[in-house]
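See below for the structure under consideration.
The values are calculated or read from the model by the stated rules, or taken from the named source; none is laboratory data. Just so you know, these numbers come straight off a predicted model, no measurement behind them. Neighbour counts are summed over all protein chains in view; Cβ atoms, including those assigned to glycine, are modelled from backbone coordinates with ideal geometry.
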Amino acid sequence: MLLPLEQQPVLGICGRSGAGKTTLIAALIPRLRELGLRVAAVKDSGRFFAAGADAALFGGQHFFRRHQSGSLNAFLASLCPAYDIVLVEGHAATDVPKIWLAGPEDSDGPPPELRGRLLAVLRRGETERLFSVAQELIAEKWRQTPVWGCVLIGGRSSRMGRPKHLLPQDGRTWLEQAAKKLAPFVGQVVISGSGLIPETLAGLPRVPDAPGLAGPLAGILAVMRWQPAVSWLVMACDLPDAQPESLRWLLEQRRPGIRAVLPDLGAGGRLEPLLAWYDFRCRPLLEDIAAAGPLRLHRLAEQEGICRAQPPVQLHGSWRNVNTPEEL
């Protein structure tokens, strides 16, 4: 399932031939990369390709493209889950936000009629202004991404001897406590995994674990596949000391370019993936882990765009995992 294109940071750069579109985009890309953003560029060029032939371009690296079915909109939407911004040169008839790059022959009046929202009219060399427009578009689309909460349940609970999510705490089960803590910070609380749940939570959406997978990865990937346009505040059910302030702290670490916030309590590289935040752009990384095995979320530490921040010391207890009656 692809994300709707209108929800994504796609920026068109249009103008007449010779206006300097390619030069401006080439100057913009390293500026965005310096911010830790992943950038894709789609260029409207190639008369041979337009005529029907597959084409290859050789430069510092070689590129090959072939014709395929489907619209340009579908192709752009397929890129967006892996990138923070997609730059499109040309394609003035594509319905995406865009800037018009005026050439020497253009007056200072309005540009030709374009499809999509016109964000600015620029002249050759206005890299700083284009950089500002791109940042604003990224921030706008990033703010529009909903945040939902996922409580992970299931597992054998063999060391505890009974389902951990049903253990009591202050008159409620651990699962009920987790859902209550998440609710003020998210648009929707979802239960991921199998097992009995209290009647009080019967109205919450439930998503079964992703087939063929095991452990927390199965639950996190399941909700990401179910709702691909949502970012997730994830909490395992066996963190009875989780504080609301830790959820607020996680959300405060987010920014464009960050795919997940995985706390590192001791600054030693041991990340905590079970009380964490995951952007929907983290899904390709998780799918790669699922495909390659072993199914260890800690492998995210090796990836670009993972925030490994240290929470305040007074919040460290939120990540205390309880597995045995003795720990309980």
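Looking at the range 279-328, which of its residues are closer than 22 Å to residue 157 by Cα and of a type in the set (D, E, K, R)? If the condition is that a residue be closer than 22 Å to residue 157 by Cα and of a type in the set (D, E, K, R), then 296, 320, 326, 327 are the ones that fit. Can you name every residue in the range 118-139 that is among the hydrophobic types (A, V, I, L, M, F, W, C) and touching a residue at least 24 places away in the same chain (Cβ under 8 Å)? 119, 122, 130, 131, 133, 134, 137, 138, 139, listed by residue number. If the condition is being assigned to a helix (DSSP H, G or I), at pLDDT 90 or above, within 20 Å of residue 253 (Cα to Cα) and in contact with a helix residue (DSSP H, G or I) (Cβ under 9 Å, 6 or more places away or on another chain), then the range 287-315 contributes 314, 315. Residue count for the range 121-160 satisfying the condition of being within 15 Å of the chain's Cα centre (by Cα), of a type in the set (Lys, Arg) and crowded, with 16+ Cβ neighbours inside 10 Å: 1. Considering only residues in the range 234-265 that are surrounded by fewer than 16 Cβ atoms within 10 Å (Cβ to Cβ) and among the acidic types (Asp, Glu), the one that is nearest to residue 307 (Cα to Cα) turns out to be 252.
Pairs linking a residue in the range 94-117 that is within 18 Å of residue 133 (Cα to Cα) to a residue that is surrounded by fewer than 11 Cβ atoms within 10 Å (Cβ to Cβ) and modelled with pLDDT of 70 or more, with Cβ atoms under 9 Å and 6 or more positions apart or on different chains, are 100/112.
Among the residues making up the range 157-200, those that are of a type in the set (A, V, I, L, M, F, W, C) and farther than 30 Å from residue 212 by Cβ are 183, 185. Within the range 1-15, residues that are farther than 16 Å from residue 224 by Cβ and part of a strand (DSSP E or B) have Cβ atoms under 9 Å from residues that are modelled with pLDDT of 75 or more and of a type in the set (Phe, Trp, Tyr) in these pairs: 13/100; 14/100; 15/100, counting only partners at least 6 apart in sequence or on another chain. Against the condition modelled with pLDDT under 90, within 29 Å of the chain's Cα centre (by Cα) and of a type in the set (Lys, Arg), how does residue 31 come out, does it pass? Judged against the criteria, residue 31 is not a match.
Among the criteria (1) in a strand (DSSP E or B); (2) not assigned by TED's automatic domain parsing to the domain that holds residue 228, the one residue 328 does not fulfil is (1).
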